[in-house]
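A.B. asks: I have a structure I would like to understand better, so I am pasting it below and will then ask my questions one at a time.
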Amino acid sequence: MVNSTRQGDADDDRIMLGLLASVERDSDQSQRRLASELGIALGLVNAYLKRCIKKGLVKASQAPARRYAYYLTPQGFVEKSRLTAEYLSYSFGFFRQARQDCALLFDRARARGFVRIALAGKSDMAEIASICALESGVSIVAVVDPAATGDRFISFPLVSRFEDLKEDPQAVVVTDLLNPRETCEALVARFGEERVLIPELLRLRLRAVEAPPT
């Protein structure tokens, strides 16, 4: 089983770690500033702070101008150290596996004549795939993500729909870590199974999906 669960846990740990580190650095931060620093919604910051306070990781005290100051408790320092170690271990292991998977996929793609590749999902996997593409002699034509904001991902075009591309890619690599099965099935329905490349890291075995008529 993967994958969306593992990624969800990793994202949760990343936010918790970022929040604890930010509070440790500066206790007198507003929730709005924390949200900006962590790149998440204001409501999510509030929810995480409440969770941290409930777990005894953070304490809050009244500050001027009807604000609160947040401080790490001794338990909070311990939890921050634990999350740091776990996150680094996950990150390094993930990077090695993802790099190996993407390099293998691109080698297979090139052997089949697929050299114009799209990435389905803006994620850490997409960043690693972009690096591997440069080394494998294939070209990333775009990154496609329904939640895309902006028009570039690293140096590649970023769009929210495949319909926004001027031409279909020869193959698509699944780099969506949050909803990989749903993304895979949609891609197979659109492009056919032969043109959808799935990193082994996702541990994903698709159900039978009817491919589009040729």
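The values are calculated or read from the model by the stated rules, or taken from the named source; none is laboratory data. Computed from a predicted model, the values in this text were never measured in an experiment. Using ideal geometry, Cβ is built from the backbone for each residue, glycine included, and neighbour counts are taken over all protein chains shown.
A.B. asks: Is it true that LEU57 is touching a strand residue (DSSP E or B) at 6+ places or on another chain (Cβ under 8 Å), over 30 Å from GLU194 (Cα atoms) and not assigned by TED's automatic domain parsing to the domain that holds ALA147? Give the steps one after another, and end with the answer.
C.D. replies: Working: touching a strand residue (DSSP E or B) at 6+ places or on another chain (Cβ under 8 Å): yes; over 30 Å from GLU194 (Cα atoms): yes; not assigned by TED's automatic domain parsing to the domain that holds ALA147: yes.
When the stated conditions are applied, LEU57 passes them.
A.B. asks: List the pairs whose first member sits in region 75-98 and is over 20 Å from LYS59 (Cα atoms), whose second member is surrounded by 13 or more Cβ atoms within 10 Å (Cβ to Cβ) and aliphatic (A, V, I, L, M), and whose Cβ atoms are under 6 Å apart, counting only residues at least 6 apart or on separate chains?
C.D. replies: So the pair list comes out as TYR87/LEU17; TYR90/ALA10; GLN97/LEU201; ALA98/MET125; ALA98/ILE128; ALA98/LEU201.
A.B. asks: If the requirement is being loosely packed, with under 15 Cβ neighbours inside 10 Å, touching a strand residue (DSSP E or B) at 6+ places or on another chain (Cβ under 8 Å) and at negative phi, which of these qualifies: GLN29, GLN62?
C.D. replies: Details: GLN29 fails: loosely packed, with under 15 Cβ neighbours inside 10 Å.
So the residue among GLN29, GLN62 that is loosely packed, with under 15 Cβ neighbours inside 10 Å, touching a strand residue (DSSP E or B) at 6+ places or on another chain (Cβ under 8 Å) and at negative phi is GLN62.
A.B. asks: Given TYR70, TYR48, TYR87, which one is of a type in the set (Ser, Thr, Tyr) and part of a strand (DSSP E or B)? I'd like the intermediate steps shown before the answer.
C.D. replies: Numbers: TYR48 fails: part of a strand (DSSP E or B); TYR87 fails: part of a strand (DSSP E or B).
Just a single option satisfies the conditions, and that option is TYR70.
A.B. asks: Every residue in region 1-22 that is modelled with pLDDT of 85 or more, of a type in the set (A, V, I, L, M, F, W, C) and touching a Lys or Arg at 6+ places or on another chain (Cβ under 9 Å), please.
C.D. replies: Start the filter on region 1-22 by keeping residues that are modelled with pLDDT of 85 or more, which leaves 15-22.
Filter again for of a type in the set (A, V, I, L, M, F, W, C), leaving 15-17, 19-21.
Selection gives MET16, LEU17, LEU20, ALA21.
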